[in-house]
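Before any comments, here is the structure.
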Amino acid sequence: MLKVVGLNSANELFRSIPQDVQLNRTLKITEPLAEIEVIGVMDKLAEKNIASRKTSFLGAGAYSHYSPTVVDHLIQRSEFFTSYTPYQPEVTQGTLQYIFEFQTLACQLTGMDVANASMYDGSTAMAEAFLMAQRVTRRDKVVIAETVHPEYLAVAKTYTQHGDLEIETVHFDKESGRTLDADLNKLDDKTAALVVQSPNFFGCVEDLKLLADKAHAVGALLIVVVTEAISFGLLKSPGACDADIVVAEGQSFGVPLSYGGPYVGLFACKEKYVRNMPGRLAGIAYDQKGNRGFVLTLATREQHIRREKATSNICTNQGLIALAATIYMETMGRRGLQEVAMQNAQKAAYAAKRIAEIEGFSLPFSAPKFNEFVVRAPKSAEEILTELSKEKNIIGGLALSRYYADNPNDFLVCATELNSKEQIDNLVQALSEIK
Amino acid sequence: MSITKVTSHPTQNEELIFDRSQTGRVGYRLPKLDVEETNLDEILPAELRRDDDLEGVPEVSEVDVIRHFTRISTWNYSIDLGMYPLGSCTMKYNSRLNEKVARIAGFANLHPLAPESEAQGALELIYNLQEDLAEITGLPGVSLQPAAGAHGEMTGVMLIRAFLDKRDGVKSKERRVMLVPDSAHGTNPASAHLAGFTVKTIRSTAEGLTDMEHLKTLCGEGGIAGLMLTNPNTVGLFETNIQQICDEIHNAGGLVYMDGANMNALVGVARPGDFGVDVIHLNLHKTFSTPHGGGGPGCGPCCCTAELEPFLPTPRIVKNGENYKLDFHRPESIGRVKAFFGNFGMMVRALAYIQTHGAEGLREATEAAVLNARYVGHHLTETYDKPYESDSMHEVVFSHKKQSRKGVHTLDIAKRLIDYGFHPMTIYFPLIVEGAMLIEPTESVGRADLDAFIDAMKSIAEEAIETPDLVIGAPHTTRIGRLDEATAARKPVLRWKPEGEATAKSA
């Protein structure tokens, strides 16, 4: 082939690269490894992830749930995972159809009118929602509850640091664990949006209807963040509470924890804001013979057409993970999504009740919870959790001191359908033995 | 000609899942609740609970789900089926080994907030991949946090912004111009905008390279924050003046960001850090073969000079003796760009790709990718208008000029390729080539397949003369024909709704 194109050696392929910037040496990277060797290297690394083998009550934005076998099986069909983003609809109808189903399911669960084809994850979806609210309202302030996932807030701050958007924080009520009503006077006629998470970072379910009314009273939007998508099966939908934009992390829908990613962000809003939405949208279209198909649509919002005036710099969506979530939602179906949500609420309620009975331990927040709750310990939560992990092989939750310096004795416990009664009882037993 | 495409065959007419739904049907089973039940009202008062009974959410069996997705999957083209010559997208083979290792329980079941001491393997893996990418790019600071190419771009330009703000203090606000060539990806100006920069466009020369005179003029106008450059550029040419370009920008007080979309032409051959580039993003889903997945997930690491390293997103993964830890104390950092640590599953796959290839294999892949594009360019240059004479790197661009005289345009040629069993090339990009057809074969195609592709392209060119309607009406072999995208955008239907309810339309 080199001869055909008139060359004598592979080196001549790179004639247009000036000699003095060519590498002219071998990269300092491993020798090629055989499959057996790569598996050996990876197994050894995976082995060091001790936490992956322990009973765990960690949540806080990433959750352990059961994923039906069909989910991972179907996403490994090469027609799905080795396909490109669906620019050529005639040969990507499979992808476009599941995106349309994903958008529909996201609307049904959030109670919203329209949803996009997905975002990178919940945190970036929230940052995009900030920018969208700024575009829609032409106002430059966002008021956010302190009980939104701290890493989400950090991401939003990064995204908006050069966009003239002011971010103001609302404190939480120390009794209920919910957004502090009195602090909502920070909402004013400059506010683009009020942002709350429900269930919030402490696991407390917010009164979304009340918050929507407060936001709307000053002409601001209500952005609702959901990090635990399983809660949609039981909690009143943000749409039913009159939210304007809903963003959610979809990892709970059949997606492995995988040390934080890849996950999938859901992004839904009221119909009137659709042309201000970021991200891809699939819609129905017909061919000349009247056959129904699907295409990417409303692309005039996007970067490849609008360039610097686009609604976002996002290029594609989270295709394969959106597919996993779609298969999960459809396999669990209407009744499965309800039952799994119910089991989560029941397991957490049981765990909370048992832990509260241990001497010295209490539940500081009174608001209703879904599958996570804060426990106040008689001493440093960090110490307790370290001891628990070392002595009993249980990861008992997340010490809140990671994010909130004021609460050294508090930790966040999450119980899901994967935590058996035996595991919960063992946790309770272990906590009660703490000295 | 009469070709019936949609038949009554069930596998070709799989409906939406919502149309398959049957009340009472289930496809899951959970264990019985094993804890004593609490009265639901005690857990959650009724006013906080859903009252719509999830109406409309499908009720289907497991086999319904399997058939549904298996059927619709057959309507997709995929790399495993054949050549996927999308320029700028690097559709190379996705090794099954990479899929296997990403699913090892010790990775898949690891919670991102697990104690650092109990997640050492994951941190070590991220660290090792960072080291390899630093060696490949010649840029020592690496963050794997960005989730995609555009996300890595945003991170990169924000690093530039943070650097300038620190270096110039308040005077930094006089430096807000980001130069972007007219051949750039649309994400470049969109990302620059997010970092608060205004975009000025640099012209390309008739030879397809950055116009040095125009670059100098723009630099002379002042206010230069930096340049966003793809190299090889989007017409598939290496910017031979790359060192002078970087010097111009540096002399004007700005920094150079390189869009790494086309790194598949350079790995093992040349390193951006050695050209004078300050920051680059990579696409693990292009160059390092993590699957495109029908449009994500990706991973868009950001690699930079030691000077820019303090500004990288937090937390950083650092090595401390034999241990790895997360460093959150980075006062100059631009902040987080994503919750947790990025798309870890993609990092596992990319590292497996690098280890399978080794240093020599990576260079060989680059050579094969460039040779394949050169071969296609060589064989089609008589048939299609090739706007730039210079040697192409890993991708080659043509225009429809010769065919459009007969009324056959790029879109038609692309659609007709489908009938020949190939995925279309990238079309109408870059914007500077009228009716552009950007072809990137990648290294994952052998000579026989390249020849078949070349034959198909030649055959289509003949058809464009002899039977143009055949090309204009393509594709003829797919389930559906060309879709009316204009109507779809004018009257958008973006979700399913039960019969009787109006489907959602936009405001």
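The values are calculated or read from the model by the stated rules, or taken from the named source; none is laboratory data. It should be emphasised that the depicted structure is a prediction, and the values quoted were computed from it without experimental measurement. Cβ placement follows ideal geometry from the backbone for every residue including glycine, while neighbour counts extend to all protein chains displayed.
Observations on the structure shown:
- Checking each residue in the stretch B:254-286 for being under 19 Å from A:Ala10 (Cα atoms) and of a type in the set (A, V, I, L, M, F, W, C) picks out B:Met263, B:Ala265, B:Leu266, B:Val267, B:Val269, B:Ala270.
- Look at (1) aromatic (Phe, Trp, Tyr); (2) away from chain A (no Cβ under 12 Å); (3) in a loop (DSSP other than H, G, I, E, B) and you find that B:Tyr257 fails only one, number (3).
Rundown of residues vs (1) surrounded by 19 or more Cβ atoms within 10 Å (Cβ to Cβ); (2) hydrophobic (A, V, I, L, M, F, W, C), yes/no style:
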| position | (1), (2) |
| --- | --- |
| A:Val148 | yes, yes |
| A:Tyr152 | yes, no |
| A:Lys157 | no, no |
| A:Thr160 | yes, no |
| A:Phe172 | yes, yes |
| A:Leu180 | no, yes |
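- Looking only at the stretch B:149-178, and only at residues there that are of a type in the set (Asp, Glu) and either outside any helix (DSSP H, G or I) or within 13 Å of another protein chain (Cβ to nearest Cβ) (or both), the one that is farthest from A:His162 (Cα to Cα): B:Glu153
- Single condition B:Ala436 does not satisfy, out of (1) out of contact with any Leu (no Cβ under 9 Å at 6 or more places or on another chain); (2) crowded, with 18+ Cβ neighbours inside 10 Å; (3) under 15 Å from B:Val471 (Cα atoms): (3)
- Hey, A:Glu35 facing chain B (nearest Cβ under 7 Å), of a type outside the set (Gly, Ala, Ser), closer than 21 Å to B:Tyr353 by Cα and touching a Leu at 6+ places or on another chain (Cβ under 6 Å) or not: yes
- The number of residues in the stretch B:299-337 being of a type in the set (S, T, N, Q), under 23 Å from B:Ala119 (Cα atoms) and touching a residue at least 24 places away in the same chain (Cβ under 8 Å) comes to 1.
- In this structure, B:Asp455 does not satisfy being among the acidic types (Asp, Glu), in contact (Cβ under 8 Å) with a residue 40 or more places away in the chain and assigned to a helix (DSSP H, G or I).
- Across the stretch A:340-358, a minimum of one residue is classified as in a loop (DSSP other than H, G, I, E, B) and out of contact with any Cys (no Cβ under 8 Å at 6 or more places or on another chain).
- Residue within the stretch A:14-24 that is surrounded by fewer than 17 Cβ atoms within 10 Å (Cβ to Cβ), in a helix (DSSP H, G or I) and more than 7 Å from chain B (Cβ to nearest Cβ) present: yes
- Qualifying residue in the stretch B:87-98 (condition: within 26 Å of A:Phe102 (Cα to Cα) and hydroxyl-bearing (Ser, Thr, Tyr)): no
- Of all residues in the stretch B:236-253, exactly one satisfies the criterion of being more than 13 Å from chain A (Cβ to nearest Cβ), in contact (Cβ under 8 Å) with a residue 60 or more places away in the chain and either among the hydroxyl-bearing types (Ser, Thr, Tyr) or under 24 Å from B:Leu431 (Cβ atoms) (or both), namely B:Ile249.
This table checks each residue for (1) acidic (Asp, Glu); (2) more than 30 Å from B:Asp391 (Cα to Cα).
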site	(1), (2)
B:Leu123	no, yes
B:Glu131	yes, yes
B:Leu164	no, yes
B:Ala184	no, no
B:Thr201	no, no
B:Asp211	yes, no
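- Qualifying residue in the stretch B:398-407 (condition: in a helix (DSSP H, G or I), among the basic types (Lys, Arg), under 30 Å from A:Arg307 (Cβ atoms) and not assigned by TED's automatic domain parsing to the domain that holds B:Phe288): yes
- Taking the numbered list (1) at the interface with another protein chain (Cβ under 7 Å from one of its Cβ atoms); (2) among the hydroxyl-bearing types (Ser, Thr, Tyr); (3) in contact (Cβ under 8 Å) with a residue 24 or more places away in the chain in turn, A:Tyr63 passes all entries but (1).
- Boolean, A:Val136 is more than 20 Å from B:Gly196 (Cβ to Cβ) and not in a loop (DSSP other than H, G, I, E, B): yes
- Options A:Ala51, A:Ala46: the member that is part of a helix (DSSP H, G or I) and touching a Phe, Trp or Tyr at 6+ places or on another chain (Cβ under 6 Å): A:Ala46
- Residue match in the stretch A:117-140 (condition: at pLDDT 95 or above, at the interface with another protein chain (Cβ under 7 Å from one of its Cβ atoms) and either out of contact with any strand residue (DSSP E or B) (no Cβ under 8 Å at 6 or more places or on another chain) or surrounded by fewer than 24 Cβ atoms within 10 Å (Cβ to Cβ) (or both)): no
- Considering A:Ala348, A:Ala381, the condition of being crowded, with 24+ Cβ neighbours inside 10 Å and within 23 Å of the chain's Cα centre (by Cα) is satisfied by A:Ala348 alone.
- Condition check for A:Phe365: assigned to a loop (DSSP other than H, G, I, E, B) and either crowded, with 19+ Cβ neighbours inside 10 Å or not basic (Lys, Arg) (or both): yes
- Selection status of B:Asp391, of a type in the set (Asp, Glu) and either surrounded by 23 or more Cβ atoms within 10 Å (Cβ to Cβ) or assigned to a helix (DSSP H, G or I) (or both): no
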